[in-house]
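The values are calculated or read from the model by the stated rules, or taken from the named source; none is laboratory data. All of these numbers come straight from a predicted model, not from anything done at the bench. Ideal geometry is used to build each Cβ from the backbone, glycine not excepted, and the neighbour counts take in all protein chains shown. With ligands, DNA and RNA removed, areas are computed over all heavy atoms of the protein, side chains included. Shrake-Rupley method; radii C 1.70, N 1.55, O 1.52, S 1.80 Å.
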Amino acid sequence: MRAQGQTAPSREVSERLYHQLMRHPWWSLTLLYLLVSTIGLGMRMPWPADEPRFALNGLEMWVTGDWWLPHRAGELYPDKPPIFMWLSGLATGLTGDIRLGFALPSLLGGLATLGLSVDLIRRLHGRRSAFIAGLWLIASLQFVLQARTAQIDMLVTAFILLGIWGMLRHALLNDGPRYFYLGCFAMGLGIITKGVGFLPLLMLPLWLMTMRRSSRWRSGGQRTGRLSPRQLLIGLGWLLLAPLAWAGPMLVMSLISSNPELAAYRNNILLKQTAQRYAESWHHLKPWHYFITSVIPWAWMPLLLTVPWWPKALMRRLARRDLRVLLPLTGALLIVVFFSLSPGKRGVYVLPALPLLVIGLSPLLPGLSRRLGLARLTFTLCALLSSIFLLAAILGVFGLPALTHLAEKEGLVPWGWWGLLGASGLALCVGLKPRGGLLALGLWLVMFWGLWGTWGARLMDPVRNPAVLMSQVAEQSHFEALAIPDFREQYILQAQQPVWHFGYKTPDAAQFARLFAWLKAEPETRWTLLTPKVLARNACLDATQAVVLSEPDEHWALLPGTAAMACLGDVEAAPLYLAPTSVSDEAARLIGLPARHSTRARTQPSSQTQVQERDQ
């Protein structure tokens with residue numbers, strides 16, 4: 001990306017860099033993406049809220065061999081389809097380290113999204129537009145953030161982009177219905193990744209409408225591709241094939257089995273987590289304008305800095321009735337509208353709209369990138385962000401109370417990391433001047449992700465990863481059986497002893513009734529881990545026996561079974577589950593924990609009783 005009117009030194013630097021990258025655009029974009037998304041890979045464990053859950057699902061598949069239905073700590077996990085967990089488990093097992101494996105599905109999903117977007121743009125508008133649009137996509141904050149975050153959203157975006165790629169190959173390039181069929185099958189894979197793989201179909205009505213008036217709409221000088229009713233039905237058949245290939249056997253298993261958990265799993269995954277979750281969300285409730293006012297303004301930066309020049313450029317394209325611009329931009333808009341209509345919203349939901357927006361804007365981006373006004377805007381953004389980081393670092397070093405309190409609360413001191421980030425950004429601004437703002441911001445973003453993945457990860461991992469706490473729990477409880485009611489997946493991952501729980505969504509009262517019965521059955525060899533607030537709510541527990549342990553942001557009470565002797569228990573109140581990863585030597589190896597066999601002898605006398613309880 002270049003700016004008009006640069007001074008000679010900065011212009012020479014940017015021109016040389018630009019032409020060197022343009023000589024090998026595919027390798028350049030791939031290497032740039034890998035640089036910003038993989039630096040620091042393997043330096044941290046999964047972080048809450050979502051990463052530990054999916055990492056645990058995949059790890060459990062690997063160590064148990066039970067791949068068809070995801071489980072969480074021995075219990076069926078009905079909230080998401082299995083594809084992401086399959087890939088996470090395979091990547092963890094094949095790499096031999098959960099720190100690598102849990103991150104690979106999202107990283108590869110981002111690479112596929114970038115590759116499909118750039119390939120489609122190249123076919124529609126040429127190599128130059130594809131290269132510059134690829135740079136803008138990599139520069140977008142949400143794109144790299146999700147590529148570095150082991151959530152499902154980047155993988156489902158890759159399947160959605162494959163669906164878009166196939167659909168637009170036929171609609172805009174008239175390459176034949178086989179591409180539409182491929183796209184439909186990819187949408188089906190997206191459905192069993194996160195349910196919303198059908199999003200490319202939002203563009204279908206506009207495509208069908210323009211086919212009826214093909215004399216008025218063009219795609220690069222040629223008519224749009226035709227889609228007959230028969231071809232549409234075949235495509236929808238391919239779309240249904242992938243979900244049915246997984247859901248069919250699941251339905252058979254749930255119908256012929258007498259296990260009520262399978263029936264509950266079927267109803268949850270097919271009904272509650274799809275239509276009901278969209279129409280009547282029960283969490284992440286946000287106003288209709290949440291994406292427009294609270295997510296897109298930061299997540300799609302710096303691409304949104306080009307907005308002032310959109311109207312004039314788009315009007316020219318639309319005046320030509322160029323479907324190559326209208327169809328992707330309409331698709332991006334409809335995705336945002338679709339999720340805005342649901343009461344439940346998370347920022348990651350609109351991620352698939354970002355590459356569609358880049359595809360739609362791609363013929364405009366080469367010209368927009370040369371504007372002096374855009375260079376000055378990006379310079380201002382780079383200088384502003386750098387100044388904020390540097391000022392925060394300086395004030396933190398000098399003990400500003402608000403920042404000191406924040407550091408104590410979060411358990412980390414980021415002043416060096418922030419100071420380097422701020423100082424380097426300001427140095428880039430000084431060296432490249434306002435006319436070199438695009439290059440300055442681009443280089444600063446590379447540095448930002450590099451420091452985030454290395455220095456930042458080293459600082460944050462001990463805070464967001466309970467390895468030290470769970471090691472202390474194991475030592476204090478002599479590696480004996482531990483129960484964690486209302487558990488969080490990161491604690492199961494780091495457990496160094498057999499861990500039991502009572503169902504993730506079991507009501508608290510039922511969980512504690514079952515916990516008390518479990519503790520009293522073998523009070524000398526069983527333990528539980530609670531927060532002080534939970535301990536205070538259960539007055540029957542003998543708090544004087546608690547061992548107080550702490551994390552940077554939370555305190556814990558470890559109690560032996562003897563502390564529950566005055567509590568009333570009920571063995572029928574809730575189910576009982578043993579987390580398979582907590583007793584697996586293979587899981588310990590992949591996580592980097594001591595081998596389970598070294599602690600198994602201490603818990604063996606009670607293991608048979610525990611298995612019998614689980615079977616009941």
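A few remarks follow.
- Qualifying residue in region 342-359 (condition: in a helix (DSSP H, G or I), at pLDDT below 95, open to solvent by less than 30 Å² (accessible area, probe 1.4 Å) and closer than 30 Å to Pro552 by Cβ): yes
Condition check ((1) within 23 Å of Pro594 (Cβ to Cβ); (2) at pLDDT below 95; (3) not basic (Lys, Arg)) across all residues:
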site	(1), (2), (3)
Leu76	no, yes, yes
Pro81	no, yes, yes
Thr92	yes, no, yes
Leu108	no, no, yes
Leu114	no, no, yes
Leu124	no, yes, yes
Ser129	no, yes, yes
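- Subset tally (residues that are in a helix (DSSP H, G or I), open to solvent by 10 Å² or more (accessible area, probe 1.4 Å) and over 30 Å from Phe131 (Cβ atoms)) for region 78-90: 3
- Inspection of region 579-591 identifies no residue that is of a type in the set (A, V, I, L, M, F, W, C) and over 15 Å from Val63 (Cα atoms).
- Looking only at region 193-202, residues that are open to solvent by 10 Å² or more (accessible area, probe 1.4 Å), of a type in the set (A, V, I, L, M) and either at pLDDT 95 or above or assigned to a helix (DSSP H, G or I) (or both) come to 2 in all.
- Residue within region 298-317 that is within 21 Å of Thr113 (Cβ to Cβ), open to solvent by 20 Å² or more (accessible area, probe 1.4 Å) and in contact (Cβ under 8 Å) with a residue 40 or more places away in the chain present: yes
- Filter result (under 30 Å from Arg223 (Cα atoms) and open to solvent by less than 20 Å² (accessible area, probe 1.4 Å)) within region 318-341: Asp322, Leu323, Val325, Leu327, Pro328, Gly331, Ala332, Ile335, Val336
- Being out of contact with any Lys or Arg (no Cβ under 6 Å at 6 or more places or on another chain), at pLDDT 85 or above and either of a type outside the set (D, E, K, R) or within 30 Å of Leu364 (Cβ to Cβ) (or both) is a property that holds for Leu251.
- Of all residues in region 31-44, those that are in contact with a helix residue (DSSP H, G or I) (Cβ under 7 Å, 6 or more places away or on another chain) and in a helix (DSSP H, G or I) total 6.
- Of all residues in region 377-388, none that is without any contact (Cβ under 8 Å) to a residue 60 or more places away in the chain and open to solvent by less than 50 Å² (accessible area, probe 1.4 Å) has its Cβ atom under 7 Å from the Cβ atom of a residue that is among the hydroxyl-bearing types (Ser, Thr, Tyr) and not in a helix (DSSP H, G or I), 6 or more apart or on another chain.
- Count of residues meeting criterion [modelled with pLDDT under 90, assigned to a helix (DSSP H, G or I) and buried (at least 18 other Cβ atoms within 10 Å of the Cβ)] in region 550-605: 2
- Condition check for His289: closer than 30 Å to Ser106 by Cβ, without any contact (Cβ under 8 Å) to a residue 60 or more places away in the chain and surrounded by fewer than 18 Cβ atoms within 10 Å (Cβ to Cβ): yes
- Filtering region 49-69 for residues that are in contact (Cβ under 8 Å) with a residue 24 or more places away in the chain, surrounded by fewer than 22 Cβ atoms within 10 Å (Cβ to Cβ), under 16 Å from the mean Cα position of the chain (by Cα) and not in a helix (DSSP H, G or I) leaves a non-empty set.
- One residue from Leu558, Leu541 being hydrophobic (A, V, I, L, M, F, W, C) and closer than 16 Å to Phe487 by Cβ: Leu558
- Within region 241-270, residues that are under 19 Å from Thr193 (Cα atoms) reach partners that are among the polar types (S, T, N, Q) with beta carbons closer than 7 Å, at six or more positions or on different chains, in the pairs Tyr265/Ser254; Arg266/Ser254.
- Among residues of region 342-367 that are in contact (Cβ under 8 Å) with a residue 24 or more places away in the chain and of a type in the set (D, E, K, R), those with a Cβ under 7 angstrom from a residue that is open to solvent by 20 Å² or more (accessible area, probe 1.4 Å) and outside any loop (DSSP other than H, G, I, E, B), sequence gap 6+ or separate chain, pair up as Lys345/Tyr290.
- Number of the condition not met by Gln545 [criteria: (1) open to solvent by 40 Å² or more (accessible area, probe 1.4 Å); (2) modelled with pLDDT of 95 or more]: (2)
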